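The values are calculated or read from the model by the stated rules, or taken from the named source; none is laboratory data. None of the values given here were measured: they were computed from a predicted structure. As a convention, Cβ positions derive from the backbone with ideal geometry for all residues, glycine included, and neighbour counts pool all protein chains shown.
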Amino acid sequence: MTNARQAALAYAHQNRERFLSELKEFLAIPSISTSPEHKDDVQRAAEWVADQLRSLGMEEVKIMPTGGHPVVYGEQLKAGKDAPTVLIYGHYDIQPVDPIELWTSDPFKAEVRGDNLFARGSSDMKGQVIASLKAVEAIVRTGNLSVNIKWLIEGEEEIGSRNLGEFIKKHAKMLKADFCINPDAGMISADAPTITYGLRGLAYFEIRVYGPDRDLHSGLFGGTVHNPAQALAELIAGMHDKKGRITLPGFYDTVRKASKAERADIARLPTTPKHFLKQTGVPALWGEPDYSPEERVSIRPTLEVNGLLSGFTGEGSKTVLPAWAMAKISCRLVPDQDPDQIYKSMVKYMKQNAPRTVKWEVKNLHGAGVAITEKDSAGVRAMAKGLEQVWGKRPFFKREGGSIGVVVQLQKYAGVESVLTGFGLPEDNAHSPDEKLHLPTWQKGIDAFINMFYNIE
């Protein structure tokens, strides 16, 4: 271990209490991006982050406007043109705190209880932003960065990063880097350092089925008018076969097959069928029998009903035959599926299967592409080694079942792949009351980031 690395790690250990104090200061800002009444707080959080970057000697630090909340940018390019450039992503906005009565302590007065720090945004993701800031601080206060560094800290992640795509597209040259470190993914458990190298995409639809021109008396018309709710239920039921495979025409045509090595890495993960049963409370698991539960939520595409609505749903009884029925349906996509093609596949299914007794429409509400990072890339190698140096074990590699917009946008518009990691835990109650951050894991995370910078080739 180099003297410079040792000095940076020692600095981080010596300043842990101050790092925690500054995290508490950051958490005290109620930067709830979805609430107009917190607009000034969101701006205040952006200014707080910008001040942190300036204190680290970053150059070109600016709070840049978007169509909504601003992006904080900063850079230090002193390492020279031949040195690698690392972009660090984060977000300073947070979720609302409702229901407030379920919090044990004030969500904006961070409180340490045992090994955990409780506050809104502590895990998702102000704690992760501070971890990256303090790792860089430890390096620049004890030596010099051997890489160029850029920062992209947004204020709209919790509302879908609705303006970030256009921002990245407009500033692609400014954001150009060899790779991006994104600590918004988290770990499987406190003793299982994790790198996420893939994110599924998304195709999201609303299906409406129409029957009569108004709700009808079910006693007078039931049995002679096809009930739209029944017709929709039958259509949805037909979207899977008995083995859990999706029946939309051509749905699997472009699915990239996972390699044996990739499936072996997935088999290493400590997420057994018992894990899924415990997490969900279901009596039994469901899905394609040729794939493990972890594979079904990561390397396989899915089709899920997210909501159903039709007819009378109030207290008591009302005997109506509803005029229409609606379903919200999402498909999680894998390489090399395309959201627009999946929409066409859904429309084709409806044309082939919807009965003549009803009318229907499919609204294409949202689509997001798939993101994959090469596991042998320089960024993944440096981060994996950094995690192993701290935890003493090879990290787990996984694909995430969900989607993170910025990863796809950086890849699409700036050609920058992301290394997804982070030090939040599944039990951190992100987005829920009593959100918390496990401090021993967070402190290890700062050390891992420091090592990562020194590992970059």
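Mind checking which strands (runs of 3 or more DSSP E) fall wholly inside the range 376-457 and carry at least 2 residues that are out of contact with any Pro (no Cβ under 6 Å at 6 or more places or on another chain) and closer than 22 Å to L87 by Cβ?
On the way: elements: 396-400, 418-420, 436-438.
The strands (runs of 3 or more DSSP E) meeting that bar are 396-400, 418-420.
Of (1) buried (at least 22 other Cβ atoms within 10 Å of the Cβ); (2) under 26 Å from L9 (Cβ atoms); (3) more than 15 Å from the chain's Cα centre (by Cα); (4) not polar (S, T, N, Q), W391 satisfies all except one. Which?
(1)
Out of contact with any strand residue (DSSP E or B) (no Cβ under 9 Å at 6 or more places or on another chain), among the hydrophobic types (A, V, I, L, M, F, W, C) and crowded, with 18+ Cβ neighbours inside 10 Å - does that describe any residue in the range 353-372?
Initially, the range 353-372 is screened for residues out of contact with any strand residue (DSSP E or B) (no Cβ under 9 Å at 6 or more places or on another chain), giving 353, 355-356.
Now restrict to residues that are among the hydrophobic types (A, V, I, L, M, F, W, C): none.
No, the conditions are met nowhere in the range 353-372.
Do we find a residue being more than 21 Å from the chain's Cα centre (by Cα), assigned by TED's automatic domain parsing to the domain that holds D434 and either part of a loop (DSSP other than H, G, I, E, B) or basic (K, R) (or both) anywhere in the range 89-97?
So in the range 89-97, the residues more than 21 Å from the chain's Cα centre (by Cα) come out as none.
Checked against the condition, which is being more than 21 Å from the chain's Cα centre (by Cα), assigned by TED's automatic domain parsing to the domain that holds D434 and either part of a loop (DSSP other than H, G, I, E, B) or basic (K, R) (or both), the range 89-97 yields no hits at all.
Using the structure shown, decide if P36 is over 17 Å from I181 (Cβ atoms), without any contact (Cβ under 8 Å) to a residue 12 or more places away in the chain and either in the same structural domain as I130 (by TED's automatic domain parsing) or loosely packed, with under 14 Cβ neighbours inside 10 Å (or both). Explain how you work it out, then say what you get.
Numbers: over 17 Å from I181 (Cβ atoms): yes; without any contact (Cβ under 8 Å) to a residue 12 or more places away in the chain: yes; either in the same structural domain as I130 (by TED's automatic domain parsing) or loosely packed, with under 14 Cβ neighbours inside 10 Å (or both): yes.
So P36 passes the test.
Residue-wise test of (1) under 18 Å from A414 (Cβ atoms); (2) in a loop (DSSP other than H, G, I, E, B).
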site: S161; (1), (2): yes, yes
site: G165; (1), (2): yes, no
site: I168; (1), (2): yes, no
site: M174; (1), (2): yes, no
site: C180; (1), (2): yes, no
site: M187; (1), (2): no, yes
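Hey, can you tell me all the residues within the range 208-241 that are more than 30 Å from Y291 (Cβ to Cβ), in a loop (DSSP other than H, G, I, E, B) and in contact (Cβ under 8 Å) with a residue 24 or more places away in the chain? Full working, then the answer.
At the first step, the residues of the range 208-241 found to be more than 30 Å from Y291 (Cβ to Cβ) are 208-231.
Next, from what is left, pick out any that are in a loop (DSSP other than H, G, I, E, B): 211-215, 223-224, 226-227.
Correct list: G211, P212, D213, R214, D215, H226, N227.
Conditions first: (1) under 27 Å from the mean Cα position of the chain (by Cα); (2) modelled with pLDDT of 95 or more. A237 passes all but one, so which condition is the exception?
Every listed condition holds for A237 apart from (1).
Under the condition of being at pLDDT 95 or above and surrounded by 13 or more Cβ atoms within 10 Å (Cβ to Cβ), which residue from the range 253-284 is nearest to S403 (Cα to Cα)?
That would be V255.
For the range 242-292, name all the residues that are part of a loop (DSSP other than H, G, I, E, B), farther than 19 Å from D336 by Cα, hydrophobic (A, V, I, L, M, F, W, C) and touching a strand residue (DSSP E or B) at 6+ places or on another chain (Cβ under 9 Å).
Passing the criteria: only L269.
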